[in-house]
Amino acid sequence: MLLDTSGRDSWISIILVSIIYLIWISLIFIIYKNIKNEHLFLWLKNNFGKFSVYPIIFIVVIYLITIGVVALKETLTFFSFYLPETPHFVLGILFSMICLYNATRGIQSIALTTGVLLPIVFLLGFFVMFANVPHKDYSLLQPMMENGMNPVFRGMVYPAAGFLELIFILFLQHHICSKVKLYQLIALGIVIIGITIGPVMAAIIEFGPFVAANQRYPAFEEWRLVSIGRYIENLDFLSVYQWLVGIFIRLSLVVFLIPDLLSITNRKTRNGVMFAILSCILLISILPISDSSFYWFVSRIVLPVSALGLFLFSILLIVFVWVVKYKKSS
């Protein structure tokens, strides 16, 4: 979507939004520091009343379900390239069962599986980066801004929608035992920027801006170029692992967060809510929606609204923090 909008200048869009992003991280740290590891929505409820909190919770839950649907729908589309004869419903049930089990085991399970699986994803990312060096032509990054700044600005919304999901740390802060430092958040933000701009630039310099823009998953198409020596090729199956880890962590976290935000403490009730949410996500994901319609919906509605909504939500939280500080001081 970013390459389709900004083309050759997609990496410039990421750099520009990254500058704003690093400043925004300091705002998130201010919110985190003032809430002091308290449950975010309980803090809002205690300071502003339940009637001001429930509409916010409703919007956040709808947002989480939406990104869960998008993640699972994209996964089913991706795997249809490798398993074209397997029904989406079967694949969806399989992925959902694994993610549901991880979510029901709690945040510790999600954190541990992330800590084990994600480093391998990073190693594979570095591997594909160095393995494709012979296929890279950095001259394809030029000329820069040949169509002006308008495509660059329009493309900024797509990386922003992903970057701003760092706000999830506020949803999880009551589960964090140690204090989070500002430099840790900035370091995490820089890592997120790196794993975003790296595949985008690689797609441009390996395939060219026009071919890359026509590819649905250019970051994973790069695996088709990888070869080791004369006899080892077709290593694109490793991209399946990368994708599976991503959907596993993302969907598990989404399903865990919703009952957690609703402060549901009873284990059976929590598990029941998780099952209902994941069933809803699965049923929506397998609806017979054309790929072009889904692509339009995500690129024109979901991502722009997500970016704007998360940014406004962070600003609203900053205002709430200042109001609470003013009340206490007076």
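Each reported figure results from applying straightforward, stated rules to the coordinates on display, with no laboratory input. Since we're looking at a predicted model, the values are computed, not measured. Don't worry about glycine lacking a Cβ; one is built from the backbone with ideal geometry, like all the others, and counts go over all protein chains shown.
Listed values for the range 45-61 are Karplus-derived 3J(HN,Hα) couplings in whole Hz (6.51 cos²θ - 1.76 cosθ + 1.60, θ = phi - 60°), namely 5, 5, 9, 10, x, 5, 6, 8, 8, 4, x, 5, 4, 4, 5, 5, 5, and x replaces Gly and Pro. Our helix-only sum for the chain, with -39,500 (n - 2.57) per DSSP H run of n ≥ 4 divided by its residues, gives a mean residue ellipticity at 222 nm of -24500 deg cm²/dmol.
Any idea how far apart MET144 and ILE120 come out in nm if each label point goes 7 Å out from Cα toward Cβ? My value for the distance between the label points is 3.9 nm. Relative contact order of the chain, taken over Cα pairs closer than 8 Å and 6 or more residues apart, is 38 percent.
To one decimal place, what Kirkwood hydrodynamic radius in Å is obtained for the chain from all pairs of distinct Cα atoms? Value: 21.4 Å, from the Cα pair sum.
What does the charge add up to near PHE81, with Lys and Arg as +1, Asp and Glu as -1, over the other residues with Cβ less than 13 Å from its Cβ? If you can, show how the numbers build up before the last one.
Values: positive: ARG216, ARG224; negative: GLU74, GLU85, GLU221, ASP236, ASP291.
Once positives and negatives cancel, what remains is -3.
Rounded, prolate or oblate for the range 212-330? Axes are the square roots of the Cα gyration tensor eigenvalues, ordered a ≥ b ≥ c, and the cut-off for rounded is a/c under 1.5. Before the final figure, lay out each step's value.
Details: a/c = 2.12, a/b = 1.74, b/c = 1.22.
It comes out prolate by the Cα gyration axes.
In order along the range 129-139, phi translates into HN-Hα couplings of 5, 6, 5, 9, 3, x, 9, 8, 10, 5, 5 Hz, rounded to whole numbers, per the Karplus curve 6.51 cos²θ - 1.76 cosθ + 1.60 with θ = phi - 60° and x for Gly and Pro.
Here the peptides 66-78, 162-174 are ranked by packing, the mean other Cβ count within 10 Å, and the order with the highest first is 66-78, 162-174.
Per-residue 3J(HN,Hα) values for the range 168-174, derived from phi via the Karplus relation 6.51 cos²θ - 1.76 cosθ + 1.60 with θ = phi - 60°, read 4, 5, 6, 6, 10, 5, 6 Hz in sequence order (x marks Gly and Pro).
With the simple spin-label model, which puts each label point 7 Å out from Cα in the Cβ direction, the LEU83 to VAL323 separation comes to 4.8 nm. Label sites at ILE176 and THR104, each approximated as a point 7 angstrom past Cα along Cα to Cβ, lie 3.0 nm apart. Here the peptides 35-46, 260-271, 185-196 are ranked by packing, the mean other Cβ count within 10 Å, and the order with the highest first is 35-46, 185-196, 260-271. With Cα atoms as the point set, the range 85-130 shows a radius of gyration and Dmax of 14.4, 38 Å.
Calculate, in nm to one decimal, what LEU308 and ASN34 gain on full extension: separation in residues at 0.36 nm each, minus their alpha carbon distance. List each step's numbers first, then the result.
Values: separation 274, 0.36 × 274 = 98.64 nm, distance 2.35 nm.
Length gained, LEU308 through ASN34: 96.3 nm.
The slack in the chain from LEU188 to MET97, taken as 0.36 nm per residue of separation less the alpha-carbon distance, amounts to 29.8 nm.
Give me the extension gain from VAL211 to SER227: residue separation times 0.36 nm, minus the current Cα-Cα distance, reported in nm with one decimal. Let's see the in-between values first.
Numbers: separation 16, 0.36 × 16 = 5.76 nm, distance 2.06 nm.
That pair, VAL211 and SER227, stretches by 3.7 nm at full extension.
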